[in-house]
Amino acid sequence: MYKKQIQNFLNVLVFLSCPLIILQPSLSHAKGVVSPQHIKGTKKINAEKLIELVSEKPALIIIDSRIKSDRQQGYIETSLSLPDGETSCQTLSEILAHKKSPVVFYCNGPKCGRSAIAVKVAILCGYTNTFWFRGGFEEWKQKKFPFIKN
Amino acid sequence: MQLNVPSLRASLVLTVFAMGFITIALAIYTGQTYQTITLNNQKQTIIDRIERYTEEALEKLDDNLKNLGLSLQNEEYFRKIFLKRQDKELLRELNAHFHQYFVTAGIIDLEKIYVYDINLNLITQSTEISENNFSDSICPGIIKKAKTRTGPAKSVTLKELCKHNGRAFFSTLVPIGSLAPKGYLQIIANPVHDLKKLDQKLATPIRISSANSEVIHQSKNWPDARQIKNVLPAHYKLHTDNHQYVFTISTATNLTQLNKELDETKKFLIITALLITFSTMILSFVALKKSTLNPIKNILKQLSDIHDDKNKLGQKVQVSGAIELKELAIGFNEIASELQLVYQEISSNNQLLEDEVKERLSAENALLRAQEGLEDKIKARTLELEKVSDQAQKANNAKSEFLSRMSHELRTPLNAILGYAELLLASKEEPLSSNQEYKVRVTQRAGIHLLSLINEVLDLSSIESGKISIATEKVNLENVVNETLTLIAPIAEKNNISIITDLDDINNVVIETEHQRLKQILLNLMTNAITYNKENGTVTLKINRIQGDKLKISIIDTGIGIADDQLDKLFLPFNRLDEYKSRVDGTGIGLTITKSLIELMNGEIGVESSAGEGSTFWVILPYSSKSKLDSVAPADENITQETENKGHSHTKVLVVEDDEVNQELITSLLKYLNFDSDIAENGSIALDKLEHNNYSIILMDINMPVLNGIETTKKIRQLTSDKKNIAIIALTANAMRGDKEECLNAGMNDYLSKPVSIKTLKKTIQKWLEC
């Protein structure tokens, strides 16, 4: 009961903050804001760590926070497309089995704020095993890791 | 060495031309260098571009291959048959894909697809036939490299440009199951296919040639040999990852446009240089003209003006142009004004000078006229003088003639006087009383004195008129001295004077002179020494040889001497010592004659005297010691010799004489000498008488009417009979020099001068009768 109340509250909060969150990238783009170096409650990783995580944690979910058009340039194999705008406790719960499921968020790169937002949402929604691949697709590509392009 | 400095204008032209030349040369050089640099830059740029586009193309190829590989491994079916190792299925799948790409896509020139397991062991490979089929694996290097990887790196896709069998291949290795690789796919393609399109990117034809220069690909518009000139070639060598040379990508950039631009740039540079040169030249000229040439021209014009008209010295030159020329103009003006002052002064001085010159010219003309007059006068005077000279000569001749005639005319009566006086004294038949004898002797002495006077005057006259000359005969000095001493002895005795002789060895001393004249000189001097001497004085005759060929004769007396003031006048005619004038007889011309004779003999005469102690007269005569006496002239021994007056009765003398007094005198003399005589009044009669009578000798007068003595003698000598050889003795009053020679030349045998003494007549007749 108590938990449910908190859950609702959070949902309302997320709902209320959505317009703000939606606006944020554009604001950050407009201001040329770079993603923060660290986000509390998540673990920042690089491309190699991601590869390692894949073998360490076979249940690892990789979420591509970019919008569709960006994804068409290519994406990390096995990653799921969930643009940050669509990221919510609801959508996350549909992908992730439980709150402790390992999950990695990435977008185009450090200048892209989408993965950062998605990570924060996931934290707010209570996911505890989140990873933030800050370098994103840019770093992936640069380090010649294979990606899928349709 | 002096340099020929050109004019200012020429210097400027030269300078500007030199500058222009240098500028143009620089422009050309710059243009050329610019072109070279530009072309090099262009080339480098092209090479850079080839490199960049090649890299881009290969990256694109890599992307394509990766995509191909990744999408293949991502296929569920492929992954299933791979994981299940259904190799046949896998091969079929590969070939299908290969075919799909090879046939349809055309984007890649696919060569081969290999499938490896996780440990990079080859599982299978495509067998679909591509252009090349290789038995061995292509580009194994990439596998070797992949095998060394660990951890996450195993997921990384790899690419490689490799060389196989001399060909280039591009291979890409992608993991199967990318994040957790289960195996690998190696996709190999021909990179040349992707590089063919570089020509479009580079906008220039390309050529790809293999390492062994084999042309792999060439653009359609690759230039042929003809066009290659206008083309900039650039070559980019492509190497594999392990530094193997694979092939060369060459471009041939058409330079037409570039060259055109470069040429235009060059042209622009040169034209600019030319423009700068010409504008510099024009500007320089304008500046030079204004600053230098015009001011100099002004000064030169002023100089020329001044040269033409000195009055323009006052005009000022315009001060303009460069500072130095302004100073020059100012200096010029100053000098000009100073010169003007000087010129004015000179002009006024010149005027004065001109005036003076005019004056002088007129004076000179006057002088010239005067000179002409003078010359005329001189001519006239010369003519006058000639006339006077002629007159003088005539007068002199007249004088000589007069003297000659005087001599002749005086001698004729004197001949009679002396002759008869002598006859009177000599007559034994009618002896004279002592009183008579004294009177006759006085008469005779006076006559003799008169005769000597006449002779001396005659001599002087002859000398003055130059009629006298000294005969040259060899004279024995000793004989002359002896004769003189003999003659002088009675006079000395009479005057109580002792004669002393101081003679060198004069024996055989021969003088070439005239015997008679030398004797005359000695006699004169000795006589003077005796006459002008003291009572009981001495006269010394000293003769010595001096200077080898000269003879010095000194006559030293002990008389009263001669005062210094008298010495100069001593040898002048008619100048006698005052003290003796009253005492001594004489004409006063003896010394004059003596001096003249000595000078004619090339000798000298002088006198040294001191009053009261006596005088020394010396004579220096030249003589030749070499000359020898051919025949010793006989001494006049007969002078004192008494001869027999008788024994001549058989002899008949023809006397040719026109003067009656003389006829009588000679007849009387001949009679006294016991000669018969016959008289002929003139030559004609004489010839007549000679023809009819026999004569032993003829005494011939010279001056006669009808036929004179000379002509008569000549006619006698021309006779055919023996009578032509008769002795003819001239007996004439013609005592002038030359008369004797004329007579002898006419053929006469001897010559006697009137008045003739009995002794002389007798001696001469006897001499010719004996012959």
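Nothing in this text is a laboratory measurement; each read-out follows from the coordinates by a stated rule. Treat the numbers as computed from the prediction; the structure is a model and nothing was measured. Neighbour counts run over all protein chains shown; Cβ positions are idealised from the backbone, glycine included.
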Alpha carbon centroid spacing (whole Å) that separates region B:703-762 from region B:410-426: 21
Loop sites in region B:346-454: trypsin sites (Lys or Arg not before Pro), DSSP, at most 15 other Cβ within 10 Å: B:LYS428
For region B:652-770: rounded, prolate or oblate by the Cα gyration tensor [a/c cutoff 1.5]: rounded
Mean projected area in nm² (Cα convex hull; one quarter of hull surface) for region B:405-499: 9.5
DSSP loop GluC sites (Glu not before Pro) with at most 12 other Cβ within 10 Å excluded, longest remaining stretch of chain B: B:215-428
Cα-only radius of gyration and Dmax that characterise region A:76-150, units Å: 12.3, 34
Percent of beta bridges antiparallel (DSSP, chain B, rounded to nearest 5): 75
Shielding score for A:51-59, defined as the mean number of other chain Cβ atoms within 10 Å: 3
For chain B, the longest site-free run once chymotrypsin sites (Phe, Trp or Tyr not before Pro) in DSSP loop states with at most 15 other Cβ atoms within 10 Å are removed: B:135-573
Theoretical gain in end-to-end length, B:ASN496 to B:ASP305 [0.36 nm per residue, Cα-Cα removed]: 57.6 nm
Long-range amide H partners of B:ILE679 with built H, under 5 Å: B:VAL655
Length gained when the stretch B:ASN693-B:GLN44 is fully extended (0.36 nm per residue, less Cα-Cα span): 216.5 nm
24 Å tail of the calculated P(r), region B:120-258, as % of Cα pairs: 45
Isotropically averaged projected area of region B:11-254, using the convex hull of Cα atoms (one quarter of hull area), nm²: 18.2
Shielding by other protein chains, B:146-159, mean Cβ within 10 Å: 3
Unit charges at the beta carbon, dipole of the protein assembly as shown: most positive-side option, B:LEU120, B:ALA392, A:ILE117: A:ILE117
Convex hull volume per residue for chain B, taking Cα atoms only, in Å³: 565
Three-way shape label, the protein assembly as shown, alpha-carbon gyration tensor, a/c 1.5: prolate
For chain B, size of Cβ-based charge dipole, Lys and Arg +1, Asp and Glu -1, in debye: 7760
Derived scalar couplings ³J(HN,Hα) [region B:9-20; Karplus, 6.51 cos²θ - 1.76 cosθ + 1.60; whole Hz; x for Gly, Pro]: 5, 4, 4, 5, 4, 4, 4, 5, 5, 4, 4, x
Amide H contacts of B:LEU707 (H built 1.01 Å from N, under 5 Å, at least 5 apart or other chain): B:GLY683, B:SER684
Under-5 Å amide H pairs with B:THR651, H placed in peptide plane, nonlocal only: B:ASP676
